[in-house]
Amino acid sequence: MTLTERIESRKILILDGATGSELIARGLIAGECPELWNISHTEIIKDISASYFAAGSDAVLTNTFGGSLLKLRAYNLESQAYELNFWGARNAISVKPEGKFVIGSIGPSGLMLEPFGDITYQEMTDSFVVQVKAMTDAGVDGFMLETFTDLEEIKCAICAVKENSDLPFFASMTFSNTPDGHKTMMGVSVTDFVEAMQSANALLVGSNCGNGILKMIDLAKEFRSVSATINLLLKANAGEPHLHDGVLCYSESPEMFASNLTDLLAISPSAVGGCCGTNPEHIRRIKQVIETV
Amino acid sequence: MNELLEKLSLAVESGKINKLSPYPPAMRGLDGADELCQQALEAGIKPEVILNDALIPGMGRIGKKFSDGKAFVPEMLIAAKAMSAALKHIKPFFTSGEVKRKGVFVIGTVMGDLHDIGKNLVAMMIEGSGWEVIDLGVDVKPEKFLEAINQHPDCVIGLSALLTTTMVNMETIVKQIRAQYPDHKILVGGAPLSHDFCKKIGATFYSSDPQGAVEFLERSVA
């Protein structure tokens with residue numbers, strides 16, 4: 001079954017939880033390039049994907065969130081972009097059980113397009129092309145463009161996907177609440193985002209990260225009010241991070257996450273998972289709740 | 001108020017950098033902050049008056065809209081660019097001492113973190129409100145901040161972090177500063193932060209938006 005057929009089957013796709021916080025838990029130091037671990041710590045990367053598949057994820061994301069040229073440039077790893085993305089995909093694929101999926105993660109550049117910044121549309125698009133090519137070659141089932149905040153930038157990523165592969169893609173932005181509804185940091189409304197992604201033929205449209213499952217429920221309702229028919233993707237983080245005895249903790253336990261999931265499921269998402277601070281236990285609980293509903 | 005100053009203030013608020021800049025579309029072809037500031041000086045308006053009556057209020061209005069969720073990063077960035085275009089005409093008067101800076105603000109993104117959109121915004125806003133800003137860049141180690149305090153004992157320190165993984169490095173930096181300078185003013189900011197976090201790591205002040213940082217600095221010299 002292809003990823004598109006799986007989504008069309010109307011059965012909820014269970015995604016994975018966080019990659020970044022799992023890497024930190026396994027020794028990644030802040031300031032290290034996470035994508036470099038795709039070739040330097042392959043067993044750990046495979047282990048993270050395997051732990052999500054074991055917990056019940058139907059699809060896991062590759063460790064390639066920052067694998068664009070513009071992101072890797074900051075670490076002087078631009079020349080290894082193809083390799084880091086290729087192996088990022090291969091690590092996850094190597095532990096993928098039959099019938100499950102691996103989705104190539106593509107995150108924003110962290111830089112601004114003209115006229116607000118100095119990156120041209122061409123540079124921005126090219127920065128994503130290498131990710132798309134490498135992961136298509138490696139054999140991913142689709143892409144997830146995640147935590148974008150600029151509609152023009154996500155369009156560059158979509159161009160890169162469409163011109164270099166035939167694979168489907170999920171589009172996800174990160175929103176916060178404002179007096180005029182939810183907006184991204186760049187001022188994109190849910191309506192603008194949904195309309196643009198429908199015309200771009202995104203397989204799933206939604207949001208990840210943000211500030212916990214309760215706020216994600218409010219946001220999901222706004223997505224639903226904009227469109228009753230879109231295939232919605234929701235990946236909440238485990239609440240706001242705080243310090244506890246010098247260690248960074250997230251406020252939402254797997255239990256808390258699961259106890260609010262029914263409200264999230266009432267909005268009829270097509271795919272759910274977790275973002276920062278969520279781990280395989282969150283996913284196991286999500287699966288339990290979905291199976292009992 | 002003087003008509004020129006009003007226009008300049010609006011150019012800053014709207015992000016109209018200069019006559020040639022295409023943004024905002026509604027102001028196409030009009031003079032921008034660059035030209036208007038030059039004209040104000042030529043008209044004999046004191047640089048301090050230009051700063052206090054046009055630039056700071058213009059930036060303050062867009063900053064307030066941002067805090068209220070009615071303007072977003074692009075509008076803020078382009079307004080800050082317009083502000084900088086005007087400020088370059090005022091800078092010689094700071095150097096000559098005719099206009100006094102309010103103080104020195106040293107800012108950097110903490111070690112391990114390479115994100116600078118937020119840090120740059122805050123730096124531009126604070127520079128625009130009349131402070132000398134020393135930008136230490138991204139991935140800044142504690143020693144660099146200590147060195148800056150050594151050189152500018154009265155400076156205010158600003159720490160920025162975007163990632164939950166790097167915000168913990170703020171604590172390391174604050175601790176190292178506190179060990180030598182227990183009462184030094186340290187501002188912290190960044191998406192994953194909170195007042196609670198600021199208090200726990202022993203920083204002086206947290207603001208969820210740049211305008212809050214500007215206002216804190218104003219109070220600190222009042």
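The values are calculated or read from the model by the stated rules, or taken from the named source; none is laboratory data. Treat the numbers as computed from the prediction; the structure is a model and nothing was measured. All Cβ positions, even for glycine, are placed from backbone atoms using ideal geometry, and neighbour counts span all protein chains on display. Note: accessible area is taken over every heavy atom of the protein model, side chains too, but ligands, DNA and RNA are not part of it. Shrake-Rupley method; radii C 1.70, N 1.55, O 1.52, S 1.80 Å.
Here are a few things to note about the model shown:
- Partners for residue A:11 among aspartates and glutamates (Cα-Cα distance below 12 Å; same-chain residues under 8 apart left out): A:58, A:291
- Beta bridges from DSSP with both residues in the protein assembly as shown: antiparallel share about 15 percent, rounded to the nearest 5.
- When you filter the GluC sites (Glu not before Pro) in the range B:167-221 for DSSP loop state and at most 15 other Cβ atoms inside 10 Å of their Cβ, nothing is left.
- Simple point charges give the picture: +1 on the Cβ of Lys and Arg, -1 on the Cβ of Asp and Glu, and for chain B a dipole about the Cα centre of about 220 debye.
- Overall, the accessible surface of the protein assembly as shown at a probe of 1.4 angstrom is composed of carbon and sulfur to the extent of 52 percent.
- Computed 3J(HN,Hα) for the range B:23-39, one whole-Hz value per residue from the Karplus formula 6.51 cos²θ - 1.76 cosθ + 1.60 where θ = phi - 60°, is 10, x, x, 5, 10, 3, x, 7, 5, x, 4, 4, 5, 5, 5, 4, 4, glycine and proline marked x.
- Once backbone amide H atoms are built at 1.01 Å from N, residue A:101 has A:59, A:60 as its partners under 5 Å, excluding neighbours fewer than 5 places away on the same chain.
- When chain A is treated as a GNM with alpha-carbon contacts under 10 Å, the residue of A:125, A:229, A:278 showing the greatest mean-square fluctuation is A:229.
- Solvent-accessible area buried by B and A, counting both chains, probe 1.4 angstrom, square angstrom: 2100
- Straight-distance crosslink candidates among aspartates and glutamates, where the alpha carbon sits under 14 Å from residue B:65 and sequence neighbours closer than 8 are dropped: A:180, B:13, B:75, B:209
- From phi via Karplus (6.51, -1.76, 1.60), per-residue ³J(HN,Hα) for the range B:84-96 in Hz, x at Gly/Pro: 4, 5, 6, 4, 5, 7, 8, 3, x, 6, 5, 4, 6
- Sequence-separation-based contact order of the range B:78-222, relative, with Cα cut under 8 Å and 6+ spacing, percent: 22
- Cross-link pairs beyond the 32 Å C-alpha cut-off, checked among A:221/B:175; B:46/B:144; B:81/B:185: A:221/B:175; B:46/B:144
- Each Cα pair under 8 Å and six or more residues apart adds its separation to the average, and for the range B:3-96 the resulting relative contact order is 39 percent.
- Contact-buried residues of the range B:193-212, at a threshold of 40 Å² lost accessible area versus the chain by itself: B:200 (1.4 Å probe; DNA, RNA and ligands ignored).
- Accessible surface computed residue by residue for the range A:3-292, with neighbouring protein chains in place and a 1.4 Å probe, gives 38 Å² per residue.
- At least 20 Å² accessible surface lost relative to isolated chain, residues of the range A:19-36 (1.4 Å probe): A:24, A:30, A:31
- Efficiency of FRET between residue A:121 and residue A:180 - r from beta-carbon atoms, R0 25 angstrom, step 0.05: 0.35
- Whole-Hz ³J(HN,Hα) from phi, Karplus 6.51 cos²θ - 1.76 cosθ + 1.60, for the range A:59-75, glycine and proline x: 9, 10, 8, 6, 7, 9, 3, x, x, 6, 4, 5, 6, 5, 4, 4, 9
- Antiparallel bridge percentage (DSSP; both residues within the range A:81-190; nearest 5): 35
- For the residues of B:69-77, the average number of beta carbons from a partner chain within 10 Å of their own beta carbon is 6.
- Extension gain (nm, one decimal) between residue B:70 and residue B:179, 0.36 nm per residue minus Cα-Cα: 35.2 nm
- The value of relative contact order for chain A, using C-alpha pairs under 8 Å at least six residues apart, is 20 percent.
- For the residues A:276, A:33, A:209, a GNM of chain A with alpha-carbon springs under 10 Å puts the largest fluctuation on A:33.
- For the range A:3-292, share of DSSP beta bridges that run antiparallel, in % to the nearest 5: 25
- Sequence-distant lysines (8 or more away, or on other chains) whose Cα lies within less than 18 Å of residue A:133: A:71, A:155, A:162
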